Amino acid sequence: MDYLIIFVLGILILGPVFYAYYLDYKADPKEFSLGMKPLKKGLIHGLVFFVAYYGINKIYELTIPLNKKHGIEFNTEREKLAIPKIKEDWKIDNHYSEQFKTEWWKPEPRNGHFKKIIEYGVFGVKYETDYYHNPNLKGTFAWSIYDYNKNIFVYFMEQPNDKLIEVTEKGKIKHLKSSKTIGITKSEFDNYKTE
C-alpha cells in the first residue's frame, strides 16, 4: 500500500515535468537537444558521484573493522587470556549488533553467563563485556569488561536500590525502584557467580 502511494505521488509530481519537457521537445527538437547537453552531463556526474559514494560506503561497512573474527573460533585465545568463552549454542543478536559491536546471547534460561558484547575499533577488538545473572540474588546482575589494549579486567555489579523516592507535582511521595551500578573487586565478582 505504501509503494502505491509513493508511485502515485511520483506520477503526480514528475508527470507534469516530463510532459513539459515533451512539449518543449515537440516545439523545437534541435534546440531541445542542445539545451539537454548540460543536464545530461550533470546527471552523469551525479550518477558517478552517487555510485562512488555508495560503493565506498559499502566497502567501509564490509571491511572495517579490519579484524572482526572474534566469534566461537576465537575461544582458544579467550582461554589463554582467561576470558569467558562463547558456547556452541549461543547466537548473535543481529537486532542489537552493529558494525563495531557484536552481541552474543545464550539461549533460555539465561542464568549464569548469559551475554557477551564484543566491541571493535578500526583495527580489531577493543573490549569484551560478559554479563552474568545469579537467580539466587533477585534483581541483580554483574559484568566484567576485558580491555584488550591494557590487558586488564574491570568488574561491575548492578543492584536494585529501593531507597530512592520522588515527590510528584501534587505533593505525593512516589517510591522508585532504581538500580545502582557499583565497581567491585574480582573476589566479589567470583562470589556473585558462585552464590
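The values are calculated or read from the model by the stated rules, or taken from the named source; none is laboratory data. These figures come from a predicted structure and were not determined experimentally. As a convention, Cβ positions derive from the backbone with ideal geometry for all residues, glycine included, and neighbour counts pool all protein chains shown. SASA here: full protein model, heavy atoms, side chains in, ligands and nucleic acids out. Shrake-Rupley method; radii C 1.70, N 1.55, O 1.52, S 1.80 Å.
A few remarks follow.
- Taking residues in the range 104-132 that are in contact (Cβ under 8 Å) with a residue 24 or more places away in the chain, and partners anywhere that are assigned to a strand (DSSP E or B) and of a type in the set (F, W, Y), the pairs with Cβ atoms closer than 6 Å and at least 6 places apart or on different chains are H113/Y132; K116/W104; E128/Y146.
- I86 fulfils the conditions (1) open to solvent by less than 50 Å² (accessible area, probe 1.4 Å); (2) in a strand (DSSP E or B) except for a single criterion, (2).
- Scan of the range 112-147 for residues that are modelled with pLDDT under 90 and surrounded by fewer than 18 Cβ atoms within 10 Å (Cβ to Cβ), ordered by number: G112, G121, V122, F123, G124, N134, P135, N136, L137, K138, G139, T140
- Residues in the range 53-67 that are within 21 Å of I118 (Cα to Cα) and open to solvent by less than 80 Å² (accessible area, probe 1.4 Å): T63, I64, P65, N67.
- Enumeration of residues in the range 101-111 that are at pLDDT 85 or above and outside any strand (DSSP E or B): K106, P107
- Residue within the range 43-52 that is more than 19 Å from W143 (Cβ to Cβ) and open to solvent by less than 60 Å² (accessible area, probe 1.4 Å) present: yes
- Taking the conditions (1) open to solvent by 90 Å² or more (accessible area, probe 1.4 Å); (2) in a helix (DSSP H, G or I); (3) within 30 Å of R110 (Cα to Cα) in turn, Y96 satisfies each one other than (2).
- Test: K30 is free of Cβ contacts under 8 Å to residues at least 60 places away in the same chain, out of contact with any Lys or Arg (no Cβ under 9 Å at 6 or more places or on another chain) and under 29 Å from D147 (Cβ atoms): no
- Criterion violated by E77 - all others in (1) touching a Gly at 6+ places or on another chain (Cβ under 7 Å); (2) of a type outside the set (F, W, Y); (3) open to solvent by 50 Å² or more (accessible area, probe 1.4 Å) satisfied: (1)
- Of the numbered criteria (1) of a type in the set (A, V, I, L, M, F, W, C); (2) in contact with a helix residue (DSSP H, G or I) (Cβ under 9 Å, 6 or more places away or on another chain); (3) assigned to a strand (DSSP E or B), the one F114 fails is (2).
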